[in-house]
Each structure stands twice: as structure tokens, then as C-alpha cells.
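Worksheet: one structure, shown below.
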Amino acid sequence: MSLKMPEPDEGVIARRAEIAAALRAIVGEDNVIDSPTGLRPYESDGLTAYRQVPLLVVLPETTAQVSRILAWCSEQGIKVVPRGSGTSLSGGALPLEDAVLLGLGKFNRVLEVDYEDRLAVVQPGVTNLAITKAVEDAGFYYAPDPSSQIACSIGGNVAENSGGVHCLKYGLTTNNVLGAELVLMDGEVVRVGGRTLDASGLDLLGVVVGSEGLVGVVTEVTVRLLPKPEAARAMLIGFPSVEEAGHCVADVIASGIIPAGMEMMDRPAIHAAEAFVKVGYPLDVEALLIVELDGVAAECTHLLEEVEAIAGRHGAVGIRVSTTEEERNAFWAGRKAAFPAVGRLAPDYYCMDGTIPRRQLPRVLKRMGELSEHYGLGVANVFHAGDGNLHPLILYDANKPGELDRAEEFGNDILRLCVEVGGVLTGEHGVGVEKRDLMPEMFGEDDLKQQQRVKCAFDPDLLLNPGKVFPTLHRCAELGRMHVHHGKVPFPDIPRF
Amino acid sequence: MILRPADEQELCETVRAAASAGTRLSLEGGGSKVSMGRPVDDCRTLSLGAFSGIADYDPPELVLTAGAATPLSQIESALAENNQMLAFEPFDLAPILGGEPGVTTIGGVVASGLAGSQRLVHGGVRDHLLGFRAVSGRGDAFVAGGKVVKNVTGYDLSKLMCGSWGRLAALMEVTLKVLPRPASQATLIARDLDPRAAWASFARLLGSQAEIAAAAHFPPGTLEDHAISAVRLQGFAPSVDARAAMVERIGSAEGYRRADASVATGIWASLRDLSVLPRNPAMWRVSLPARQAPDFLEAFAPGDVRWVMDWAGGLIWLSTDRPAEMVRTAAQRCNGHAMLLRASADIRRAVPTLHTQPDALARLEERVRRAFDPASVFETGRF
Ligand SMILES: Cc1cc2nc3c(=O)[nH]c(=O)nc-3n(C[C@H](O)[C@@H](O)C(O)COP(=O)(O)OP(=O)(O)OC[C@H]3O[C@@H](n4cnc5c(N)ncnc54)[C@H](O)[C@@H]3O)c2cc1C
Ligand SMILES: Cc1cc2nc3c(=O)[nH]c(=O)nc-3n(C[C@H](O)[C@H](O)[C@H](O)COP(=O)(O)OP(=O)(O)OC[C@H]3O[C@@H](n4cnc5c(N)ncnc54)[C@H](O)[C@@H]3O)c2cc1C
């Protein structure tokens, strides 16, 4: 593996027993794991190509314990990697040999639900789906719905700013959280955001969301709840070409419709999904769109007609509209199972996550076909068509020498292509270790330094989740340096906060 | 004399020179919010007027990129031509502060982070700024975010710029998410509810499937002699009709009824210019959890405050002569915070515009500010 992680500190590794004892004094005997068999399950997250057994695992149960752990580690100069459910696809929760892995699995309670102000206060280890489960009997749900929602934690969602198939209409995590409790690396506990719609000062919550575990440990989250729509209907629309499908998507949006979900699959993905779940996807088309419309029944009926008419103008074949809830779920079953379905085509697959301006879709898919030939590896595409978020699945066999490296190079080429056409490296999975070294494709030196200065404001000793997101970690003192007149800050008299 | 850098390089040099000379810079798009905040005299005004114009706008992509000094009116008319909108309903303070509406710039809109009635469900400025290009207080140009609607590459610095009031960096260009303009809308109103009953009815309606887009309450003597509670629906006509019927059913106890278009227009316009509130006393913008809005109002003797409620209770515009301390304490007791919008220069000199934060948070915020502006070039002392 070509990935270079920060040089482990042998001194810290040698102190393992002492560190375990100190942490046990904080969280109790059973909440520190240090046996080789106990540590094994933590060696990777959803990006399984990278593995590293952590120094040890600590499983705190209260914010006070998290605060004491971080304060102690900070004092001792020991690195910490936060972990939710370990489903990250970018290696965000990848352990380090010389770092404590801080698991939030024991923070698993829904603390409060307020239906009138439509919010819930939950601990970070609660799974995404568990929030919806806790409120669905009252007719509410939590909108962002990553495909991993049965497993991934809300704390992980906050760290990654996760999305789902419904985020075109309902937004990503960042648009659906109101506040968080955060423990900084020095042990300080702060609350960012709250129960109001606006922050009172800088929108620090906004930067905590999507910070990939590098700025603090989230110990409580306040999320917005939405009432479940009266109706939801899905349509399956086949197209003779990817271009036509792309034009149809653009026209739907140009006509003022923002569907609840609008997903596209290419031919290889359609075939793989149909073989896997047998829900009747058409096999003689080049692209398949699943469009979901929700709202009051009258709205769904109206919009189904509109979308059908637009699709007809783009040469759609075989339009099917769901009439029952079972049928709607069946339409989605293939899409939702796309990863495992594609997984049957080859021993391994590598899931990419770039976003492009939608108008560039034909160009990007064409080039991807060429790259597929060049690398001799197959690729299937599922695509959040509404917002331009591509998930190419690269097929390879890790047991064949060199294939993993080729798959990674292929993936990197795809992401470079995304940036080249005006898009970005990651739409929802995060940078982690996976795209870390590609960051300079999208950002210049000064851009990255500015981001890292913000990191330094939260964690000046760079002890929290090092080796992730930033291709080069500058020391904070070095980044902070600036030529200041006679060594003085101007206007020392103005109150600074 | 106002500094007017002509391009990015001049802007960087200007900021760098100011940083080393110890000069403070007050950033200005157009200056609509000049009479807000602590009056400051000992700083240079830096106009970003050179960074103007729509750079890229492809309606089906739902993305618009423009220079920070582009007038909001220019952006809104380009969007209107394509049946699109800024869904956060930019809030133009100029009329409240005694200026012309529509001259405000998109950079000013972003930096003030103020959103209108639709913020309740469509999100604020923060939810629509996708990326930007700016010059930090170090005099370095940098970009953050992207130009597509879905992006998690790197830290979301865009959030920090919204509501930064020109204290972090000088914006040169912003990329915003735009949305289709609703094809039709309807407003339903109920009369004579007290604040608590109004909040409760809003909570019930917002928890229903009627998809309320905005909800506001006006006490007696603001819009008319009676109290008025209003909810707005928007979308495709058949959907709006069905939902209006739903609101009439769910809100039958309160008597919610569809209002005439002219009445409706007046209601929502009054929340944009706040013409229903008296001009003279200090004006506050209080953000709080909706359920605590009635408690907040009960902290004052009825004759001492004039107010209107937006965001289903989450936002109160308050006009009062009561001491700043009293307003801030009441807001804080209700888990909210209060921003001083308009007041005499004397009051503005003594009272900070923004609510002060708890210590630990204030220290963190201060470190974040210094991460952008180590020499405090943009700290004019106004906020
Ligand atoms: C002679 C004259 C007098 C006028 N008097 C008034 C008056 O008294 N009151 C009035 O409202 N209007 C007045 N106007 C109109 C006003 O100047 C406008 O042109 C205007 O409304 C522009 O406002 P703005 O949105 O650019 O916001 P601004 O008021 O310029 O800015 C709002 C906030 O955003 C920050 N900001 C703005 N742009 C950026 C940026 N690019 N990057 C970072 N931060 C930024 C500012 O620092 C400030 O904190 C007057 C105009 C003229 C010609
Ligand atoms: C099959 C599959 C499908 C997926 N589908 C989607 C999808 O549709 N959309 C999508 O967006 N993602 C998807 N993902 C990716 C992944 O599920 C999300 O990124 C998720 O949010 C990770 O949550 P987690 O609890 O597993 O976090 P982890 O993997 O444990 O951690 C992720 C990152 O968050 C940090 N972190 C975790 N908890 C905290 C905390 N409490 N405080 C501070 N930092 C913390 C970690 O340090 C790490 O950097 C998918 C993953 C899989 C395996």
C-alpha cells in the first residue's frame, strides 16, 4: 500500500500498559480493550483495503469521561482517533499504531424528543435509522438517509456530513442538525449551535459538521425532525442512452421540480442489480432513472404526470409508476442493493464518490469507459443524478497481484476527471486517508493552509485524528506566523471577543 | 478615503499592507448596514466594488457564481427570469436602517447571514453558500467549498463566512445554490390568537403534512386591531390547494382561512421592511427555540415592547426602550440570543451588536477568528 501515515511514536507504543492503566482509571476496567483479539475488529473501517491495529481502544460512557480522556492524552501528547460505527468509506476511522481509538458505541441513547419544535437530542453512537425508528410512530423521521443507515452512527454522520438518496430535496447532515456538544482535545466541553435556527456568533457547528473527527469529539447532537410525507411514489424510466437520461434529469429540474430522489444506473449496474434482486428492471436500456416524488397525494399525482411527459420527450422507454408501497420499495430494492449486487460481479469492488456539474455527465462517462479499458478493470455506475454525485464501482480482484493498485489508480483518475470538469473529489464519503493525497488536485497550498489553520484553532497540537484529510500537516506555530509590524498586534485595546 | 482595490492582487496587497501598518479595514459591499453596530471612526473603508457581476449561472445545475459586490437586485432578477430564487429569502436590512432597498450586495447578504421568513423550512444563507473565494486577514487569496450542490471536500468554511460580518476575510466571489421558484402560493390566516396559542397552532401545522413554508404572528395593533397568525404554502397549484384545505381542517379550531392575495402580500412584505414596528426605539432581532417565544415575551410588561414573530416563534423582531441588559437576559433565559439591529449611536457605543458567548466558546471563536485574521485587520470594533 502506497499510503503514508505519520511516523508512529515508539515512545508512546512502549508505554502501552501504562496508558491502558491510566484510561482504566477513568472509564473502568472493562471499557478499555487491549488484548490482540479484542483489538482485531477495530483494525479498519468501511475502507477495508487499509488496516492497522490500534494502540488500544477506550469506550467512554459519559461526556465527563471523554473530557478526562482527551485532557489526559493531550497532556501526555498521545494521539486519539474517534470512531462511531466504523462504516466510513474513506478511512476516516482508520486507527494508528500509536493512537488511542476512542469508540462512541456506548453513547447510544435518544435523550429527548420534542415533537412540537420538531427536534431530537441524541447521543452520537445512536444509529441514523434508530433516530427515525424512535419517532416514526408519531409520524416523524430524520431526513438524511445514507445507505448504511442501519449501522452508521449520527456522530459519524456529523463528522462526514453524510447524505443519502433524499438529500437533493432534504439536504445533507449539515442542513439537518441544530446543535452539538463537542469535547476539544484539551478536554474543554463546548456547545455549538443549539435549538435556535441561527447561531449567535460564528457558525462553528457548520465547520464541525464535515470535519472528519479532526476538531473535537462530538458527544451529543440535536437534529431536526420532519413530518413523514403523506405519500411517496416512485417511477422507473429506461433510456436508450445515458445522454438522454441526463437531459431528462436537467429538464425535470429546469421545469421547477425537485424530486425527493432521482437516481441513475448505467447498463452494468442495472444488470447486476436485476440479477441480484429480480425486481423487473428493464435490461434493454442504457440508463435507468428512479424518480421519487413525495408530498401530499395531489402533488405526487400532478408531478408524476409532469415527469412522465418530460421523460417522453427524451425517448424514454418503458415507464413504470409505483401504485403500492411494496412496488415502490421494489423499485428501490435494486438501487439500494447496487453495491452488494455489483460485488457479485467481481471478488472486490472499490466505491468512488465524486461530484460533477450534471451537464458534464456524458463527457465523464465516456472518459470513464476509456479508462476502464486502459486499466483493464470493469466499472459500474450508480449516480445520485439530481445532484451530480457519482458512485463508480470499480471491479477488481485483490488476490491478483497489482489489481488493487490499478483499481486505486483508476479511481484517482476518475476523481481528477471530476475536478477537471468543475466538480469535486467527494460528494458525501469524505476525504479521510483515501482522497487525502488528491486534495492538491482541487485546492492550492494557501487554500489548504487556511483550512488547517481552522483545525489548529481547535487542536493546536494536532493530536486528534492525524494523518487524515490533509496531505501535509504543518505545525500550527509555523502556520500562524505572520509578519506583524514591530511584533505588535494592531489595536491591542479592542476587545477580542 | 475609501480603498478600492481593482483586482485580487491589489486586494491582497492592500490587506497585507494594512496588517503590517496596523490599520484596520472595514469591509463594504455597498454599505447598506452602515448604521448598524458600534460606530467606528478610526479605520479605513475597503470597498469590494470591483468584484461585481454574475460569473456563471446555468439554471438546471441549480448553481450561481457571482462577484461579492454584485447587487442583490441583479442576482434576483437573473434568477427570476429563469423562475428560480434564493430560497433563504435574503434579508435586506437597508430599509430598516434607513437606506434604499435592493442596493445591498450578495457579499453583504452572505456576511450578514440574515435570512427571511422562508428560513424556517428552506434553510438560511449558510445552507445555500456552496463555496467562495476570498482574501484572508493575512492578505492571502484562498478558495473553499466548490461549485456543485453536493460536496464534502475539505472543511466547510462557507458556513463560517455566513454571519461573519466582514470579520474573517474579504469575499471576492460566492457560489450559491439556487432553487425553483414556487409556481403558486397561498396564505392562511387566523385572528385573535395570543402568542402561546399561535405558537401551538404553528407547531401543529408544521408537524402535519401541509408543508408550511413560513409562519408568522402579529399582535394586535401591528397589522390591524386584531392579532393575526399567518402560514404560507407554496408549490404547484394542485398541491397548494390540497394543503390549504388541510390547513383549514387542522387549524379549524383557530379558524385558519385562506387570505386574499393582496392581504397575503402585505403580511409577508411587512416582515421584510418591518414597517409595522415603530422606528424610534432600539430594534432587536431575537433568535430562540420556538416554544420559548411566549415565555420571552412574558418577560416584558405589555406596553414596553412592540414585536412581531416569524419562523413559527423562532425569531422575534422587538422594538423597545427597555435596557439592553433586560433584553439579553430574557433571551438567554429562553435559550436564545439577541442581536442589536438599530439604536442611537450612544446605545450602539455601549452595547455590543452580537450576543456574548459563554467563555469557552468565546475563546474558541476568538482562535478561529485569528486563524483567518491574525493581526485583527478586520476587527473594526463594530461587532
Ligand atoms: C450617499 C449615500 C448614502 C447612503 N446612505 C445609506 C445609509 O445610511 N444606510 C443604508 O442602508 N444605505 C445607504 N446607502 C446605500 C448603501 O450604501 C448601499 O449601496 C447598500 O445598501 C449596500 O449594502 P451591502 O449589502 O453591500 O452591505 P454592507 O453594508 O456593505 O455590508 C454588510 C456586512 O457585510 C460585510 N461585507 C460586505 N461585503 C463583504 C465582502 N465582500 N466580504 C466580506 N464582508 C463583506 C460588511 O463588512 C458588513 O459587516 C447610501 C448610498 C449613498 C450613495
Ligand atoms: C455499505 C455502505 C453504504 C454507505 N452509504 C452511504 C451513503 O449513502 N451516503 C453517505 O454519505 N455515506 C455512506 N456510507 C459511508 C458511511 O456510512 C458514512 O460516512 C457514515 O456517516 C460513517 O458513520 P460511522 O458511525 O460509521 O463513522 P466511522 O466510520 O466510525 O467514522 C467516520 C469518521 O467520523 C469520525 N467520527 C465518528 N464519530 C465521531 C464523533 N462522535 N465525534 C467526532 N468524530 C467522529 C471518525 O473519526 C471518522 O473520521 C456508506 C458506507 C457503507 C459501508
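The values are calculated or read from the model by the stated rules, or taken from the named source; none is laboratory data. Fair warning: this is a prediction, and the values are worked out from it, not measured in the lab. Here Cβ is always computed from backbone atoms with ideal geometry, including for glycine, and neighbour counts include all displayed protein chains. Accessible surface areas use protein heavy atoms only, side chains included; no ligands, DNA or RNA. Shrake-Rupley method; radii C 1.70, N 1.55, O 1.52, S 1.80 Å.
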Ignoring ligands and nucleic acids, A:GLU7 exposes an accessible area, probe 1.4 Å, in Å² to the nearest 10, of 140
Among B:SER73, B:SER112, B:SER262, which one moves the most in a GNM of chain B with springs linking Cα atoms closer than 10 Å? B:SER262
The answer for the net charge of residues other than A:ARG191 whose Cβ lies under 10 angstrom from its Cβ, with Lys and Arg +1 and Asp and Glu -1, is -2
Theoretical ellipticity at 222 nm over chain A - DSSP helices of four or more residues, -39500 (n - 2.57) apiece, nearest 500: -10000 deg cm²/dmol
Per-residue Cβ counts within 10 Å, from other chains only, averaged over A:295-305: what number is that? 5
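Rounded to the nearest 0.05, what FRET efficiency do A:GLU7 and A:SER35 give with R0 = 22 Å and r taken as the Cβ-Cβ distance? Could you check?
Details: r = 26 Å, r/R0 = 1.17.
The calculated FRET efficiency here is 0.30.
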Using the Cα gyration tensor of chain B, with a ≥ b ≥ c the square roots of its eigenvalues, what is the shape: rounded (a/c below 1.5), prolate (a/b larger than b/c) or oblate (neither)? oblate
Computed FRET efficiency, Cβ-Cβ of A:GLU306 and B:SER344, R0 56 Å: what is it to the nearest 0.05? 0.55
Given R₀ = 51 Å, what would the calculated FRET efficiency be for A:GLU325 paired with B:ALA55, taking r from the Cβ atoms and rounding to 0.05? 0.65
Heads up, segment A:231-340 by the C-alpha gyration tensor (a ≥ b ≥ c square roots of eigenvalues; a/c under 1.5 rounded, else a/b over b/c prolate, else oblate) looks oblate
Estimated distance in nm for a label pair at A:ASP437 and B:MET326, the labels positioned 7 Å out from Cα along Cα-to-Cβ: 6.6
Would you work out if segment B:262-325 is rounded, prolate or oblate? Take a ≥ b ≥ c from the square roots of the eigenvalues of the alpha-carbon gyration tensor; rounded if a/c is under 1.5, else prolate when a/b is larger than b/c, oblate otherwise. oblate
Go ahead and collect, in residue order, the members of segment A:160-191 whose backbone nitrogen is under 15 Å from a label point 7 Å along the Cα-Cβ direction of A:LEU111. A:178-184, A:189-191
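Averaged across A:467-479, how many Cβ atoms of other chains sit within 10 Å of each residue's Cβ atom? List each step's numbers first, then the result.
Working: counts 0, 0, 3, 2, 0, 0, 0, 0, 0, 1, 0, 0, 2.
Partner Cβ neighbours, averaged per residue: 1.
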Just for the protein assembly as shown, what percent of DSSP beta bridges are antiparallel, to the closest 5? 90
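Would you rank A:VAL296, A:VAL279 by solvent-accessible area, highest first, keeping every protein chain in place and using a 1.4 Å probe?
Of A:VAL296, A:VAL279, the descending order of accessible area is A:VAL279, A:VAL296.
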Taking every other residue with Cβ under 9 Å from the Cβ of B:PRO101 and scoring Lys and Arg +1, Asp and Glu -1, one gets -2
Using the Cα centre as the reference, give the magnitude of the dipole from point charges on the C-beta atoms of segment A:110-227 (Lys, Arg: +1; Asp, Glu: -1; all else neutral), rounded to the nearest 20 debye. 260
MRE, 222 nm, helices only [DSSP H, n ≥ 4, -39500 (n - 2.57), over chain B, to nearest 500]: -9000 deg cm²/dmol
Provide the net charge surrounding B:ALA338, with neighbours chosen by a C-beta distance below 10 Å and charges set as Lys +1, Arg +1, Asp -1, Glu -1. +2
Partner shielding of B:2-8, taken as the mean number of other chain Cβ atoms within 10 Å, equals 0
